[in-house]
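Student: Starting off with a structure, shown below.
The values are calculated or read from the model by the stated rules, or taken from the named source; none is laboratory data. Keep in mind it's a predicted model, so treat the numbers as computed, not measured. So basically every Cβ, Gly included, is an ideal-geometry build from the backbone, and we count neighbours across all protein chains shown.
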Amino acid sequence: MQFLKTLLIVFTVGLAVAFAFNNWTSVDIRLWGGLIVDINKPLLILLCFLLGIIPTWLWQRAIRWRLAQRLAVSERTVADLRIAVTTPPATQPATSTLTLATPPADGDPLPPVAIEEPKP
């Protein structure tokens, strides 16, 4: 695939050089205030191309930067949530309000009865 990419770039550069060589003529451009600029046609085409591509490229880079920032924030949030889910919460010592009224005896057929302790 790299070979095809290189071949396409070489072919495009070759076409651009052939175009520039065959069209190297001066073009008059009338500006404001009666100014006239003589510029070669290939340079004029390159200048127009750059004037069109640079703002678009800057806009695309700004969008990519903003999306990268949003993605980084989202990834940090997901990492924090994973840590919060995987670590058990701190447990409080259980304070039981129920105590056994009588200790179980070996031969008792009934289980012991739980009663609530009075609160101080």
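Student: Please go through region 79-111 and give me each residue that is surrounded by 10 or more Cβ atoms within 10 Å (Cβ to Cβ) and either among the charged types (D, E, K, R) or modelled with pLDDT of 75 or more (or both), ordered by number.
Tutor: The answer is 79, 80, 81, 82, 108.
Student: Give me the pairs, please: first residue somewhere in region 1-28 and on the phi < 0 side of the Ramachandran plot, second residue anywhere and exposed (fewer than 10 other Cβ atoms within 10 Å of the Cβ) and part of a strand (DSSP E or B), beta-carbon distance under 9 Å, and either six or more positions apart or on two chains.
Tutor: Pairs that qualify, where the first residue is on the phi < 0 side of the Ramachandran plot and the partner is exposed (fewer than 10 other Cβ atoms within 10 Å of the Cβ) and part of a strand (DSSP E or B), are 26/38; 27/38; 28/36; 28/38.
Student: Further question on the same structure: Given the options 51, 47, 43, 67, name the one that is modelled with pLDDT of 90 or more, among the hydrophobic types (A, V, I, L, M, F, W, C), within 30 Å of the chain's Cα centre (by Cα) and surrounded by 10 or more Cβ atoms within 10 Å (Cβ to Cβ).
Tutor: 67
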